[in-house]
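For reference, the structure is listed below as structure tokens.
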Amino acid sequence: MMNKTEKILILDFGSQTTALIGRRIREFGVYTEIIAGDAPLTDAVLTGVKGVILAGSPESAYGEGIAPDKRIYECGLPLLGICYGLQRMTMDLGGLVEPLPKVEYGGVEVEIKLGGQKPKYRRFLAAFDAAISLNQILESGGAEETPAYEPPLHAPLRFTAWMSHGDTLTRLAPGFAQVGTSASGFPAVALHQEKPWVGVQFHPEVSHCERGSEILAAFVFSMCRCKREWTMAQYVEEVRARISARAGRNPVLLLISGGVDSTVVGALLLKTLPGEQVHLMYIDTGLMRKNETWGVKKTLEKLGAKNLHVINAETEFLAALKGKEEPEAKRKTIGDLFITIQEREVAALGLPESYFLAQGTLYTDLIESGKGVGKKAHLIKSHHNVGSPLVDAKRKAGKIIEPLDRLYKDEARALGRLLGVEEDVVARHPFPGPGLAVRIVGEVTKEKCNILREVDAIFIDELKKRRSPDGTGSLYDEVWQAFAVLLPVRSVGVAGDSRKYGWTLALRAIVSSDGMTADVYRFPMKDLLEISGMITNAVKEIGRVTYDISSKPPATIEWE
Ligand code: XMP
């Protein structure tokens with residue numbers, strides 16, 4: 001894919017932040033492709049490549065860490081080594097890497113020595129100068145005819161880098177010069193004096209790393225001379241071409257959850273293949289939010305769905321959950337039943353063996369499940385995708401289409417917008433596979449689901465209507481996820497002249513960037529009180545409303 005386009009190739013050695021590098025560079029308007037760190041660098045792989053980044057790794061360059069194809073050092077392309085990537089280059093090229101006395105983690109001051117640098121590095125070194133903006137660097141890049149950019153650099157250049165390493169260079173490889181040193185005295189930046197090879201010990205892709213974006217941009221634009229020409233619109237065209245080529249005339253089945261990712265894949269399929277060829281299946285577990293099934297149907301029909309299979313499985317799920325109170329037992333019951341129903345219903349469609357299965361897997365899902373990084377994430381996704389025997393069989397048969405597998409969540413959202421998926425769907429908060437069942441603490445009954453559906457609808461509706469304190473958007477847009485939890489606790493209250501014994505509700509609203517950690521949202525008190533009042537007025541079964549003030553960790557986002 002993408003052979004026409006210029007790109008930066010990223011070699012993945014297993015670090016959790018590898019995908020972030022790709023995303024940062026795509027934000028600059030340059031396409032990136034991530035491949036296995038030891039993948040053969042064939043002519044086909046190198047077509048269109050303007051530079052290569054060797055990314056980080058949890059392993060040691062002198063230990064279990066894998067090495068890239070040696071061709072990387074012969075192909076003449078600019079190289080940027082990041083953390084392990086720099087250590088790898090050092091080991092491969094005749095230097096030495098050894099363990100640090102103590103792992104270095106977090107913000108570390110780095111000083112750049114400006115004197116004696118080759119003029120060719122002047123534009124790269126500009127990235128370390130706080131007086132130079134990211135925009136200046138972005139604008140300096142591109143075609144050869146761009147006017148020469150001679151940044152006046154002001155020594156000394158100091159910034160706080162973000163480090164995470166247990167090894168260090170103890171001897172640079174021949175030809176390299178150390179131009180950056182960390183406050184702890186170890187090499188932080190090294191440049192090759194003849195070849196276009198640079199390396200940094202820290203992680204410029206991490207948002208806490210000062211000058212991080214500038215450093216990546218300086219590599220991409222002043223060393224690789226990339227043009228800013230990649231757009232999401234172009235990506236859509238390429239993905240569509242890829243889907244057509246793979247699917248041919250075979251049917252494609254997509255299991256829809258109603259969330260952003262699967263809906264965006266649905267939109268892609270429907271905009272690419274004839275409607276008759278695309279089968280969309282949605283299983284209504286009865287644990288969905290108010291009017292959710294109706295909304296999913298409407299969205300897909302608007303996008304042109306012809307074969308939409310909505311399976312109503314509420315009775316089966318509620319029966320299976322009867323009497324189950326333990327969170328894990330509830331999750332397992334739902335997961336197992338989901339798989340059983342999915343297999344039964346897919347078989348009932350009678351599709352030919354040759355059908356393809358499409359999925360909304362994101363890049364983050366792949367790294368998380370494939371490499372054991374974030375085991376929780378593996379569990380999170382297992383309900384809908386990774387663990388299903390149907391998916392496993394199709395994957396083995398090479399019949400899986402995963403058009404979002406290079407994208408991050410917010411990129412999938414941007415793609416959805418471009419395809420005309422409604423903002424309401426694209427901007428949706430995440431919703432767990434087991435649905436309301438993990439938001440009803442203890443046993444799940446239809447009555448409790450109905451109560452929670454009502455409450456949740458009021459809460460979410462109000463979040464969408466109310467402006468954030470700074471007036472830039474709605475409260476809904478400001479939080480990463482918000483929902484209500486029904487607790488198995490009843491408390492006494494008054495209703496008119498009589499006493500009332502109502503259920504207790506917890507409202508939760510968190511801010512997060514990826515769901516792995518989360519902070520409590522500082523909910524504006526006026527809004528919180530008003531929404532609480534609206535809920536107890538409208539839903540008579542609720543006697544008391546509380547606000548969950550726990551961050552993750554130690555709490556999880558969901559209650560079960
Ligand atoms: P926790 O509760 O583990 O949740 O802090 C992190 C994020 O994952 C979502 N979540 C799930 N998503 N199936 C899913 O598809 C699940 O079983 C599941 N459990 C939690 C949760 O809503 C939050 O966004």
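The values are calculated or read from the model by the stated rules, or taken from the named source; none is laboratory data. Being a predicted model, the structure only gives us computed values, none of them experimental. Methodologically, a virtual Cβ is constructed for each residue, glycine included, from the backbone with ideal geometry; neighbour enumeration extends over all protein chains shown.
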Checklist entry - Just a yes or no: is a residue in the range 522-533 among the aromatic types (Phe, Trp, Tyr), within 27 Å of residue 426 (Cα to Cα) and within 16 Å of the ligand (Cβ to nearest atom)? => result no
Checklist entry - Any idea which of (1) more than 29 Å from the chain's Cα centre (by Cα); (2) surrounded by fewer than 18 Cβ atoms within 10 Å (Cβ to Cβ); (3) over 28 Å from residue 446 (Cα atoms) is the one residue 302 doesn't satisfy? => result (1)
Checklist entry - In this structure, does residue 228 turn out to be over 16 Å from residue 360 (Cβ atoms) and in contact with a Phe, Trp or Tyr (Cβ under 8 Å, 6 or more places away or on another chain)? => result yes
Checklist outcome for this item: Exactly one of 549, 510 is within 16 Å of the ligand (Cβ to nearest atom) and part of a loop (DSSP other than H, G, I, E, B), and that residue is 549
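Table: residues versus (1) within 16 Å of the ligand (Cβ to nearest atom); (2) more than 23 Å from residue 284 (Cβ to Cβ).
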{"site": "444", "(1), (2)": "yes, no"}
{"site": "450", "(1), (2)": "no, no"}
{"site": "457", "(1), (2)": "no, no"}
{"site": "460", "(1), (2)": "yes, no"}
{"site": "469", "(1), (2)": "no, yes"}
{"site": "474", "(1), (2)": "no, yes"}
{"site": "481", "(1), (2)": "yes, no"}
Checklist entry - touching a residue at least 60 places away in the same chain (Cβ under 8 Å) and away from the ligand (no atom under 16 Å from the Cβ), is that true of residue 557? => result no
Next on the checklist: Condition (residue is free of Cβ contacts under 8 Å to residues at least 60 places away in the same chain, assigned to a loop (DSSP other than H, G, I, E, B) and farther than 30 Å from residue 27 by Cβ) applied to the range 251-271: is it met by at least one residue?
Outcome noted: no
Item to check | Among (1) at pLDDT below 90; (2) of a type in the set (S, T, N, Q); (3) surrounded by fewer than 19 Cβ atoms within 10 Å (Cβ to Cβ) - the single one residue 160 does not satisfy | outcome: (1)
Checklist outcome for this item: Within the range 507-527, residues aliphatic (A, V, I, L, M) and either under 17 Å from residue 480 (Cβ atoms) or not assigned by TED's automatic domain parsing to the domain that holds residue 483 (or both) come out as 507, 509, 510, 511, 516, 518, 520
Next on the checklist: Restricting to the range 420-435, name every residue that is assigned to a loop (DSSP other than H, G, I, E, B), more than 16 Å from the ligand (Cβ to nearest atom) and either under 15 Å from residue 290 (Cα atoms) or not hydrophobic (A, V, I, L, M, F, W, C) (or both).
Outcome noted: 420, 422
Next on the checklist: Can you name every one of the helices (runs of 4 or more DSSP H) wholly within the range 32-135 that holds 1 or more residues which are without any contact (Cβ under 8 Å) to a residue 24 or more places away in the chain and assigned by TED's automatic domain parsing to the domain that holds residue 192?
Outcome noted: 43-46
Checklist entry - When you go through 485, 438, 444 one by one, which is the residue that is buried (at least 18 other Cβ atoms within 10 Å of the Cβ) and in a loop (DSSP other than H, G, I, E, B)? => result 444
Next on the checklist: Looking at (1) within 24 Å of residue 49 (Cβ to Cβ); (2) more than 28 Å from the chain's Cα centre (by Cα); (3) of a type outside the set (Asp, Glu), which one does residue 63 not meet, given that it meets all the others?
Outcome noted: (1)
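Examine the range 498-506 for a residue that is within 15 Å of the ligand (Cβ to nearest atom) and at pLDDT below 95, and state whether such a residue exists.
Initial filter on the range 498-506 (within 15 Å of the ligand (Cβ to nearest atom)): 506.
If we keep only those that are at pLDDT below 95 as well, we get none.
No - not one qualifying residue is present in the range 498-506.
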Checklist entry - Which residue pairs have Cβ atoms closer than 6 Å, lie 6 or more positions apart in sequence or on different chains, and pair a first residue in the range 301-327 that is free of Cβ contacts under 8 Å to residues at least 24 places away in the same chain with a second residue that is surrounded by 13 or more Cβ atoms within 10 Å (Cβ to Cβ)? => result 320/333; 320/337
Next on the checklist: I'm checking my understanding of the structure. Among residues of the range 217-250 that are part of a helix (DSSP H, G or I) and aromatic (Phe, Trp, Tyr), which one is farthest from residue 25 (Cα to Cα)?
Outcome noted: 235
Checklist entry - Conditions: (1) more than 20 Å from residue 430 (Cα to Cα); (2) modelled with pLDDT of 85 or more. Residue 402 meets all but one. Number of the miss? => result (1)
Checklist entry - Quick check, is residue 358 over 20 Å from residue 16 (Cα atoms), at pLDDT 95 or above, surrounded by fewer than 21 Cβ atoms within 10 Å (Cβ to Cβ) and of a type in the set (A, V, I, L, M)? => result no
Next on the checklist: Any residue at all in the range 471-478 that's hydroxyl-bearing (Ser, Thr, Tyr), modelled with pLDDT of 95 or more and surrounded by 14 or more Cβ atoms within 10 Å (Cβ to Cβ)?
Outcome noted: yes
